[in-house]
Amino acid sequence: MDPVKVEHEVGALIPQKEWTNLSQRMIWHGRRVCHSRRPACGVCTLAALCPSVGIGEMDVMKAKALVKVDADFR
Ligand code: SF4
C-alpha cells in the first residue's frame, strides 16, 4: 500500500475541516477495537465496510472481551 495515495483518496472523501477529527477517531478506533495483534472484528462498527473484516476475532463474546474502554487507558 502507498500511504500517500491512501491519504489523498481519503482526503477527497472527507471535508478538510474534518481531517483532524477523522485522524483522532481512527487512532482511538485502533486503540479500542482494531488492535494490531488481535482486532475485535466481531463487534466492530466498521465491519460492514472493512475489506479486512475477519482477520481478527469474529465470535461476538470473545471480540467483546478484547475491546478496551476508557478505564483501560488510565
Ligand atoms: S472489521 Fe476491520 S476495522 Fe474492524 S476490527 Fe476488524 S480489521 Fe479492524
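Consider Ser36 against the criteria (1) modelled with pLDDT under 95; (2) touching a helix residue (DSSP H, G or I) at 6+ places or on another chain (Cβ under 8 Å); (3) part of a helix (DSSP H, G or I); (4) not basic (Lys, Arg): it satisfies all of them except one. Which criterion is unmet?
Going through (1) modelled with pLDDT under 95; (2) touching a helix residue (DSSP H, G or I) at 6+ places or on another chain (Cβ under 8 Å); (3) part of a helix (DSSP H, G or I); (4) not basic (Lys, Arg) one by one, Ser36 breaks only (3).
Quick check, is Val6 exposed (fewer than 12 other Cβ atoms within 10 Å of the Cβ) and touching a residue at least 24 places away in the same chain (Cβ under 8 Å)?
No: the conditions fail for Val6.
When you scan region 25-46, do you find a residue that is more than 11 Å from the chain's Cα centre (by Cα) and among the small types (Gly, Ala, Ser), even just one?
Checked region 25-46: at least one residue is more than 11 Å from the chain's Cα centre (by Cα) and among the small types (Gly, Ala, Ser).
Filter region 37-59 down to residues that are farther than 18 Å from Arg25 by Cβ, more than 6 Å from the ligand (Cβ to nearest atom) and surrounded by 18 or more Cβ atoms within 10 Å (Cβ to Cβ), then give me how many there are.
Residues meeting the conditions: 2.
If you check Ala48, Ala40, which single one turns out to be closer than 24 Å to Met1 by Cα and in contact with a Leu (Cβ under 6 Å, 6 or more places away or on another chain)?
Values: Ala48 fails: in contact with a Leu (Cβ under 6 Å, 6 or more places away or on another chain).
It is Ala40.
The values are calculated or read from the model by the stated rules, or taken from the named source; none is laboratory data. All values reported here derive from a predicted model rather than from experimental measurement. Ideal geometry is used to build each Cβ from the backbone, glycine not excepted, and the neighbour counts take in all protein chains shown.
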